[in-house]
């Protein structure tokens, strides 16, 4: 485990270009090839020893100090790395949503099998797999959802085709019965039980 930790630390330090060389005073000479300011890191002998593991310790010097601001560290009481941005890439990163252009979408024209796409892209975990193996119910709707019509007497909606005979449509039992008419009929035939339930609760108790 220790070699892995040391390897990760070395990669992080290399990515951050740490440790850096010791400089007595900051460099203010403009250099086009250098994108970062050379901060002052004096060789004053100050060190800090940290135990990384039971068998390994590391001595940190001014080589390992990242750019920081003492005022910000004291005010916000957290780790703050302060860098000077001398490249247009910093502005582009901040305003990346402006520079990226318009929104784009990939559109596929053709026959799309949604069921097959779901089967190909679905993920079944161990809990859902056991639920399927034991054949437990997958969903439940309680109470069931019904559309309860409200209408005046003999003014209910009737559905028919254009070529149907009007008299045959009127003689159909489905055209004469609705949920509302059957609720009134149930209150007449079963006054002791049906009268205890409202119209919206009727399908839950009378099927």
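The values are calculated or read from the model by the stated rules, or taken from the named source; none is laboratory data. What you are looking at is a predicted structure, and each value in this text was computed from that prediction instead of being measured. Note that we place each Cβ from the backbone using ideal geometry, even for glycine, and neighbour counts take in every protein chain shown.
So which of 164, 117 ends up being at negative phi, surrounded by 10 or more Cβ atoms within 10 Å (Cβ to Cβ) and part of a loop (DSSP other than H, G, I, E, B)?
Details: 117 fails: part of a loop (DSSP other than H, G, I, E, B).
That would be 164, the only listed residue that is at negative phi, surrounded by 10 or more Cβ atoms within 10 Å (Cβ to Cβ) and part of a loop (DSSP other than H, G, I, E, B).
Yes or no: the range 134-148 includes at least one residue that is more than 29 Å from residue 203 (Cβ to Cβ) and part of a loop (DSSP other than H, G, I, E, B).
Here is the first cut: in the range 134-148, the ones more than 29 Å from residue 203 (Cβ to Cβ) are 134.
Still in the running and part of a loop (DSSP other than H, G, I, E, B): 134.
The answer is yes, given that some residue of the range 134-148 is more than 29 Å from residue 203 (Cβ to Cβ) and part of a loop (DSSP other than H, G, I, E, B).
Within the range 79-88, identify whether any single residue is assigned to a helix (DSSP H, G or I) and either surrounded by 10 or more Cβ atoms within 10 Å (Cβ to Cβ) or at pLDDT 75 or above (or both), and answer yes or no.
Scanning the range 79-88 turns up no residue that is assigned to a helix (DSSP H, G or I) and either surrounded by 10 or more Cβ atoms within 10 Å (Cβ to Cβ) or at pLDDT 75 or above (or both).
From the list 39, 93, 99, which residue is over 30 Å from residue 202 (Cβ atoms), at pLDDT below 80 and over 33 Å from the mean Cα position of the chain (by Cα)?
Going through 39, 93, 99 in turn, the sole match is 39.
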